[in-house]
1. Filter the stretch 118-145 down to residues that are more than 13 Å from Ala158 (Cα to Cα) and not charged (D, E, K, R) and give me whichever is nearest to the chain's Cα centre (by Cα).
2. Considering only the stretch 21-78, state which residues are among the polar types (S, T, N, Q), surrounded by fewer than 20 Cβ atoms within 10 Å (Cβ to Cβ) and not in a strand (DSSP E or B).
3. Scan the stretch 13-56 residue by residue and report those that are in contact (Cβ under 8 Å) with a residue 40 or more places away in the chain, more than 21 Å from Met173 (Cα to Cα) and among the hydrophobic types (A, V, I, L, M, F, W, C).
4. Any residue in the stretch 163-170 that is assigned to a helix (DSSP H, G or I) and crowded, with 17+ Cβ neighbours inside 10 Å?
5. So how many residues does the stretch 173-227 have that are among the basic types (Lys, Arg) and part of a helix (DSSP H, G or I)?
6. Considering each residue of the stretch 84-105, count those that are more than 16 Å from the chain's Cα centre (by Cα) and either part of a strand (DSSP E or B) or within 18 Å of Leu161 (Cβ to Cβ) (or both), and give that number.
7. Restricting to the stretch 143-162, what's the tally of residues that are free of Cβ contacts under 8 Å to residues at least 60 places away in the same chain, of a type outside the set (A, V, I, L, M, F, W, C) and not in a loop (DSSP other than H, G, I, E, B)?
Amino acid sequence: MSEAIIRIDNVHKSYLMGKEAVPALRGVSIDVQPGEMVCLMGPSGSGKTTLLNIVGGLDDPSRGHVTIAGHDIVAMSEEKLARLRLERIGFVFQTFNLLNNFTALENVEAPMVLLRKLGRKERRERTLELLAAVGLADRVEHYPSELSGGQQQRVAIARALANDPDILIGDEMTGDLDSQTGFEIMSLVRGLNQREGKTVVYVTHDPRMADYADYTVHMLDGKIVAKEADPVQALTAG
């Protein structure tokens, strides 16, 4: 087995509420291998979003070790961590988080502008390729307000892939979408996982959306209580 691309080792996280420390994670450990698609599920307050934010480098653990793509992110400076997020991790959120005054093309191009690795012509070519890949070749000049929820999420996925990250993080990617559009989005993400080998870690409250993962991690009260292979994937493999 290859080295884990995500390694969470005995991670604890507490938040200060007034004078009281409220635990959100209580000794969580999990390894995710390159190319795996992993779903996190659990009731509200179970710690799944906190864990997702720590995996994405958006939050720090109170204690424990977190290694992402071979980097100890707990020991990293904020500047280096920001660079790692920009280069190696793509984020897709429930509410899309698109820039309303940017077109679809400009939204997808933005992370490439920040990274400063490609010239203007190369950025535009890659942006058009990404938007075509998510089925929006005819919507590149549209603003978010001119797109449906499913189309906005497709733009968000293209944006998350802009800098060709190793890891895709999804927080309730289908939570604001109707069921059919949600299935289309998850099929798109699963396709990217299978074709391009992207490692995907996502949170959902919908068991139907969990079926797209290789396995589901169940959380309760800040702990991992179960890990199960998705029955659809298991049947396919068998």
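Since every read-out is calculated from the coordinates, none of them should be taken as a lab result. Keep in mind that this is a model prediction, so the values were computed, not measured. Every residue, glycine among them, receives a Cβ derived from its backbone with ideal geometry; neighbour counts consider all protein chains shown.
1. It comes out as Pro144.
2. Residues of the stretch 21-78 among the polar types (S, T, N, Q): 29, 33, 44, 46, 49-50, 53, 62, 67, 77.
Retained after the next criterion (residues that are surrounded by fewer than 20 Cβ atoms within 10 Å (Cβ to Cβ)): 29, 33, 44, 49, 53, 62, 67, 77.
Listed by number, the residues that qualify are Gln33, Ser44, Thr49, Asn53, Ser62, Ser77.
3. Ala24, Leu25, Val28, Ile30
4. Restricting attention to the stretch 163-170, the residues satisfying the condition of being assigned to a helix (DSSP H, G or I) are none.
Within the stretch 163-170, not a single residue is assigned to a helix (DSSP H, G or I) and crowded, with 17+ Cβ neighbours inside 10 Å.
5. Kept after step one, since they are among the basic types (Lys, Arg), are these residues of the stretch 173-227: 190, 195, 198, 208, 223, 227.
Those left that are additionally part of a helix (DSSP H, G or I): 190, 195, 208.
Of the residues in that region, 3 qualify.
6. We begin by selecting, within the stretch 84-105, every residue more than 16 Å from the chain's Cα centre (by Cα); these are 99-105.
When the remaining residues are screened for being either part of a strand (DSSP E or B) or within 18 Å of Leu161 (Cβ to Cβ) (or both), the result is 99, 102-105.
The total comes to 5.
7. From the stretch 143-162, those free of Cβ contacts under 8 Å to residues at least 60 places away in the same chain are 143-152, 154-155, 158; that's our starting set.
Then keep just the ones that are of a type outside the set (A, V, I, L, M, F, W, C); that gives 143-146, 148-152, 154.
Now drop any that are not not in a loop (DSSP other than H, G, I, E, B), which leaves 144-146, 149-152, 154.
Selection size over the stretch 143-162: 8.
Every residue, every condition in (1) among the small types (Gly, Ala, Ser); (2) surrounded by fewer than 17 Cβ atoms within 10 Å (Cβ to Cβ), yes or no:
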| residue | (1), (2) |
| --- | --- |
| Ala160 | yes, no |
| Leu192 | no, no |
| Val217 | no, no |
| Ala226 | yes, yes |
